[in-house]
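The values are calculated or read from the model by the stated rules, or taken from the named source; none is laboratory data. Remember, predicted model here, so these are calculated numbers, not experimental data. When we count neighbours, we look across all protein chains shown, and the Cβ atoms used for this are built from the backbone with ideal geometry, even at glycine. Keep in mind that these areas ignore ligands, DNA and RNA; they rest on the heavy atoms of the full protein, side chains included. Shrake-Rupley method; radii C 1.70, N 1.55, O 1.52, S 1.80 Å.
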Amino acid sequence: MNYLSTRGLAPQLRFSDILLGGLADDGGLYVPEAYPRFTAAELEAMRAMNYRELAFAVLSRLVDDIPADDLRALIDKTYTADVYRYVGRGENAADITPLKTLEPGLHVLALSNGPTLAFKDMAMQLLGNLFEYVLGKTGGELNIVGATSGDTGSAAEYAMRGKKGVRVFMLSPEHGMTRFQQAQMYALRDDNIHNLVIRGVFDQCQDMVKAVANDLPFKAKYHIGAVNSINWARVAAQSVYYFKAYFAATHSNTQSVSFSVPSGNFGNVYAGHVARQMGLPINKLIVATNENDVLDEFFKTGVYRPRPETKHTSSPSMDISKASNFERFVFDLSGRDVAKVRDLWRAVESGGSFDLKTHAAPGGGSLFERIADFGMVSGSSNHANRIDTIRTVYEVYGTMIDPHTADGLKVGLEHREPGVPLVCMETAQPAKFEDAIREALGIDPVRPAELADLETQPQKKHVMDADVDAVKRFLVEHAG
Ligand SMILES: *Cc1c(COP(=O)(O)O)cnc(C)c1O
């Protein structure tokens, strides 16, 4: 299996080559040269599989440059009831991603039972094991430099802690994250984890990470890498739970299921698209946004118009105005037309927009009309909707959901169809977002007992000014 760039001007590579890299050299994103497709008989056999078996069945079709036994061992080590142990009442940790049924035909898929209580653990934990494996083979080293405003940083740190050959340098803004989110990161005292707390805002953190990555000699000399949401291995790992949920929500493969996905960088819902391309009978993929509704505008009108300003909302992990994985979907939508993708992103990258109603599709009609062939629909949610949904779900079903999941459920219900099971992706646990829960319900969210005193544990962090030279000096001193 080769991987090629959405812009067609970078060399084709194998899975292990793109594992540690970011963007392709031509600025595009790597995608499989063709999506492997399961036959009806193969899908039938998958119905009886547990999470680890399913993960191997799916990932072994996308990864063919890691020996099968090694891949299986990495998967078996990752997807255990011990890693994904923060299950709620009535959930079975052995399911890894338990399906919670609110009422017949309406479900929430618990994806946030991992160490950081957000769905990012589903892929990041595997990534940690893959990195250690690949670096072990080559004797290489990797210094991961990233910026976080919440969930990604902690998921990366928990995935990489104690991993040989890997160090993490995570920049976070001094203010803006919840106390729980800060404590999750800063309470890690592993030698290979470094929290750089920046006297500044998230955008400054991100700009400094970009400045480090753009200094190519520095990047090469200090083996700087990233674990951002365009990482193909993260997408591949996320496609597995669509299979798991499908089989849990249906009795037979003649049925189809719709998924509602709280979206920001378009990684989660794109993983659903990959599962659909691999033959999983998915009816609709429902893209749910918050007040940052660039994607909703696109799916409703065909116009993709990233905004210069990102709004700060009460579902902060979706506060994104430029969805980094979206190019992968448009690549497929265009019939894998690399010249078209280059054209469209030339406009976007110079601060403009595009309108797919004005671009012809290969088979006739416009590219906008082709979206229906891929089952993608959308909607958006705002603060009042979110609070309302958290309250209603608690009152009617006795289930507490976090603000992001609430956005997903609100939009999912608008697209619900009779006879088609609807699965809403639960992307975080309510414990991470106490303020929103208090506002909606007047009570504190439930929290795993083990994490009860998280905020009072000793912390390891380095506070510094928003000065890229200071960050680089820190890297030089600690990169080993
Ligand atoms: C990252 C995140 C999202 C958005 O997922 P994407 O893959 O970026 O679309 C939604 N909810 C939560 C809680 C997240 O952490």
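Quick notes on this structure:
- Just one of the listed residues (N325, N385) is within 16 Å of the ligand (Cβ to nearest atom), free of Cβ contacts under 8 Å to residues at least 40 places away in the same chain and under 30 Å from G176 (Cα atoms), and it is N385.
- Answer from A431, A452 - the residue that is open to solvent by less than 30 Å² (accessible area, probe 1.4 Å), at pLDDT below 95 and over 29 Å from T250 (Cβ atoms): A431
- Among the residues making up region 366-382, those that are in contact (Cβ under 8 Å) with a residue 24 or more places away in the chain and small (G, A, S) are S366, G375, S378, G379, S380, S381.
- Among the residues making up region 44-59, a single one is within 21 Å of the chain's Cα centre (by Cα) and open to solvent by 60 Å² or more (accessible area, probe 1.4 Å): R52.
- All conditions in (1) open to solvent by less than 30 Å² (accessible area, probe 1.4 Å); (2) on the phi > 0 side of the Ramachandran plot; (3) more than 14 Å from the ligand (Cβ to nearest atom) hold for H223, with the sole exception of (1).
- For G90, the stated conditions hold: it is more than 15 Å from the chain's Cα centre (by Cα), of a type outside the set (D, E), more than 16 Å from the ligand (Cβ to nearest atom) and on the phi > 0 side of the Ramachandran plot.
- Residue count for region 122-156 under the criterion of being surrounded by fewer than 24 Cβ atoms within 10 Å (Cβ to Cβ) and among the acidic types (D, E): the result is 2.
- Restricting region 193-204 to residues that are closer than 12 Å to D467 by Cβ and of a type in the set (A, V, I, L, M, F, W, C), the residue that is surrounded by the most Cβ atoms within 10 Å (Cβ to Cβ): I198
- Any hit, region 134-153, residues being in a helix (DSSP H, G or I), touching a helix residue (DSSP H, G or I) at 6+ places or on another chain (Cβ under 8 Å) and at pLDDT 95 or above: no
- V257 under 25 Å from E417 (Cα atoms) and either away from the ligand (no atom under 16 Å from the Cβ) or open to solvent by 20 Å² or more (accessible area, probe 1.4 Å) (or both): yes
- Qualifying residue in region 287-303 (condition: hydrophobic (A, V, I, L, M, F, W, C), crowded, with 23+ Cβ neighbours inside 10 Å and more than 19 Å from the chain's Cα centre (by Cα)): yes
- Candidate set: region 260-283, residues that are near the ligand (Cβ under 8 Å from one of its atoms), surrounded by 24 or more Cβ atoms within 10 Å (Cβ to Cβ) and of a type in the set (S, T, N, Q); chosen: the one nearest to S317 (Cα to Cα): S263
- Region 144-170 - residue that is within 24 Å of H404 (Cβ to Cβ), touching a residue at least 60 places away in the same chain (Cβ under 8 Å) and of a type outside the set (A, V, I, L, M) and, of those, farthest from the ligand (Cβ to nearest atom): G146
- P173 being within 22 Å of the chain's Cα centre (by Cα) and away from the ligand (no atom under 16 Å from the Cβ): yes
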